[in-house]
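Shown next, in structure tokens, is the structure this report addresses.
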Amino acid sequence: MANPKVLICDDEEGIRESLKLILGDHYSLVLVDSGDMALEVLSHNKDIKVLLLDIKMPQTSGLDSLQEIKKKYPQLKIIMVTGYKSVETAAEAARLGACGYIVKPFKSVEILETVKKNIGS
Amino acid sequence: MTPFALSGLLILITSWSLGVFVLIKTPNIFANRIWAYFNFAIGLWGLGAYKLGSAHDPQSALLWFKIGHIGVIIIPILLLHFSHYFLEIKNKKLITIIYLIGLFFLISLVAGKLVPNVKFMFNSLYFGTSPSNIYSIFFLLWIIYIFYTYQLAYKKIKISTGEKRNKIRYFFISSTIGYIGGITNFLPMYGINLYPYGNFLVAFFPIMMTFVILKYNIMDLNIIIRKSLIYSLLVTFITITFLISVLVSERLFHQVIHYQNLTSTIIMASLIALIFTPLKNWIQDLADRAFFKATPMEMAQQNEQFRQEIAQSERMKSIAILASGMAHEIKNPLTPIKTFSEQLPSRLNDKEFLLKFSRIINKEVDRIDNLVQELLSFAKPSTPKLKRVNIHQLIGQTLDLLNNEIIRHKIRLNTSFENKNILIRIDPQQIKQALLNILLNAIEAMPDGGSLNIDSYFHSNNNKLIIAISDTGCGIDPKDLTHIFDPFFTKKDHGTGLGLSITYEIIKNHQGKIFAESELGRGTAFKIELPI
């Protein structure tokens, strides 16, 4: 059986590569560097189960992308990744439909568990 | 002068002087602008009422009645808009709709569809008559707006406690008194022959509103409003004194000796000039005691404390912005370092991993190093080492550094300097860095070419040099424009977001100012003011 598909959206190569290292052996990954690219990939890959989405990106912010993506793909599990956790942002992300919130620098096991939990549910 | 005309004059003086003060002092704060426009609208009714009350023929009376009604139409709209800020309520749709309705009534007014006629009433003045059906709808909406504003205030009162509850209550009471006064102006039009004395209450409405704003402690308005209040009280007091004195002296001179109107006016004006300063101090003292329950000396101490509190809160805000930016900028490179280190023991024989590890970790460490350097520059420019420098030569040297980039991006450079040999006291290294940050941004905003314009000229009173730098690049989104000087704010793929905040700090430390304007797709313009 093919590995479940996970989409990683972060403008920083280092973060994308880190997530690839952690998740690459367990999931089939698609890596993009902007919210617009994520939307483009999602339109062609209906089998993507989970999206890991960076909150702070230069063009469209992660929260704006989250809102737009959730509108089009309400079933998609979206986990936000951030360098700065604030109660307001976490609450806003939850309100907009994010199902997880991971703070950088993250532990490999933390990423694996969160993605696994969301793919399973 | 009829009492109605006098009430109009008072409204005009009190509300316009308050409006002008607020607009001059804080033109960039949106809520304050609404408040100023609200005062102008009240003042416009005042002007209309004054001229209407003094009109000698129906044609001019009707004209001024209509002019005054422009204010009447706008007053509840602006009050409702201001209330949304005051009561911290967001409802953009409703605000747009009430503005559109207001526009409809304004058009109807100009087209003569609201109040078609005036008639002579109360044996003294012309007043509007035969209101149309549209006018009745307008009057109804006018009252609905008031009740809607009250309903908003009431809801807030219910969920508020303590001091905040009291403040909203004050707002409630003051607007009620003002509106009751306003409503009496509508009654004669509907056949209820009550002289519109209530118009006097409208004159005190802006003052009462000012009191509420003071009570509400809107920080940036507080001190300004205090001054406006004192001056408007002063102007009102002097105008009334002047009018009464001239009227009394006119009668006296007329009865007793040979009557000369100009002489009495000159005498009164000279007297007023003499008493102006002591009167101002007396009113200031009185207003301070009434509104702040403090003497001028205590007020000065409170103001100083207030300024320190504002400065402290600004510092705290900068630190908070800095901390959140730092968290993002450092945690991002730390993440791959942590992940790669975690994975290293199990991937020692994976050559591809090791190569990638080496490349990425090096890049991320450089990034942290670069960030630390920029942070130091951000923290360092405390006191500039000032010396007399030819600023235009310095601009030329800065442009030389960017020459290759300008050519590579096919950018047309236009410079125009007033007085090329002017020397000004600056720290050349710091100003060069400040200019570099702006110029680099301008170049980056024009990847496919464009124009970069640098102009310099003197401020009108010749004590400042203005350096204007503009580009024809992609421009900045209006919602981002207010954040461009915040540390770590960036929309670039590879920026730390410190460049413009460093520029801002440098210019500020030179006792200068920097402003930015931008339009998406059209370009961005920076204006730097440096003292000569």
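The values are calculated or read from the model by the stated rules, or taken from the named source; none is laboratory data. Not measured: the values here are computed from a predicted model. With ideal geometry, Cβ positions are generated from the backbone for all residues, glycine too; neighbour counts draw on all protein chains shown.
For the reader, a short list of remarks on this structure follows.
- Residue in region B:47-56 that is outside any helix (DSSP H, G or I) and among the basic types (Lys, Arg) present: no
- Of the residues making up region B:330-375, those that are away from chain A (no Cβ under 12 Å) and in contact (Cβ under 8 Å) with a residue 24 or more places away in the chain number 4.
- Taking the numbered list (1) surrounded by fewer than 21 Cβ atoms within 10 Å (Cβ to Cβ); (2) assigned to a strand (DSSP E or B); (3) of a type in the set (Gly, Ala, Ser) in turn, residue B:456 passes all entries but (1).
- Candidates B:471, B:448, B:455, B:486 - the one that is closer than 22 Å to residue B:510 by Cα and either of a type outside the set (Asp, Glu) or more than 14 Å from chain A (Cβ to nearest Cβ) (or both): B:455
- Residue count, region B:328-364 (criterion: surrounded by fewer than 18 Cβ atoms within 10 Å (Cβ to Cβ) and of a type in the set (Ser, Thr, Tyr)): 3
- Residue match in region B:116-131 (condition: over 30 Å from residue B:30 (Cα atoms) and of a type in the set (Lys, Arg)): yes
- Being surrounded by fewer than 19 Cβ atoms within 10 Å (Cβ to Cβ), in the same structural domain as residue B:525 (by TED's automatic domain parsing) and under 24 Å from residue B:508 (Cβ atoms) holds for only one residue in B:435, B:423, B:465, and it is B:423.
- Subset of region A:33-47 (residues that are surrounded by 20 or more Cβ atoms within 10 Å (Cβ to Cβ) and aliphatic (A, V, I, L, M)): A:38
- The listed residues are B:437, B:419, B:403, B:390, and the only one of them that is modelled with pLDDT of 90 or more and polar (S, T, N, Q) turns out to be B:390.
- Screening residue A:91 on (1) surrounded by fewer than 16 Cβ atoms within 10 Å (Cβ to Cβ); (2) modelled with pLDDT of 90 or more; (3) over 17 Å from residue A:22 (Cβ atoms) shows it passes everything except condition (2).
- Output for region A:1-30, where each listed residue is surrounded by 20 or more Cβ atoms within 10 Å (Cβ to Cβ) and more than 13 Å from every other protein chain (Cβ to nearest Cβ): A:6, A:7, A:9, A:27
- Any hit, region B:84-96, residues being closer than 30 Å to residue B:124 by Cα, at pLDDT 85 or above and of a type in the set (Ser, Thr, Tyr): no
- Restricting attention to region A:98-119 and to residues that are within 14 Å of chain B (Cβ to nearest Cβ) and exposed (fewer than 15 other Cβ atoms within 10 Å of the Cβ), the residue that is nearest to residue A:15 (Cα to Cα) turns out to be A:107.
- So residue B:391, is it surrounded by 12 or more Cβ atoms within 10 Å (Cβ to Cβ), in contact (Cβ under 8 Å) with a residue 60 or more places away in the chain and at negative phi: yes
- Some residue of region B:403-417 being assigned to a strand (DSSP E or B) and aromatic (Phe, Trp, Tyr): yes
- Beta carbons closer than 7 Å, at least 6 apart along the sequence or on distinct chains, pair a first residue in region A:60-88 that is closer than 11 Å to residue A:9 by Cβ with a second that is surrounded by 22 or more Cβ atoms within 10 Å (Cβ to Cβ) and charged (D, E, K, R) for A:62/A:54; A:62/A:56; A:81/A:10; A:81/A:54; A:81/A:104.
- Residue match in region B:1-19 (condition: in contact with a strand residue (DSSP E or B) (Cβ under 7 Å, 6 or more places away or on another chain) and among the hydroxyl-bearing types (Ser, Thr, Tyr)): yes
- Exactly one residue among B:120, B:82 is outside any loop (DSSP other than H, G, I, E, B), surrounded by fewer than 14 Cβ atoms within 10 Å (Cβ to Cβ) and touching a Phe, Trp or Tyr at 6+ places or on another chain (Cβ under 8 Å), and that residue is B:120.
- Selection within region B:12-48: residues that are among the small types (Gly, Ala, Ser) and within 19 Å of residue B:85 (Cβ to Cβ). The member of this set that is modelled with the highest pLDDT is B:41.
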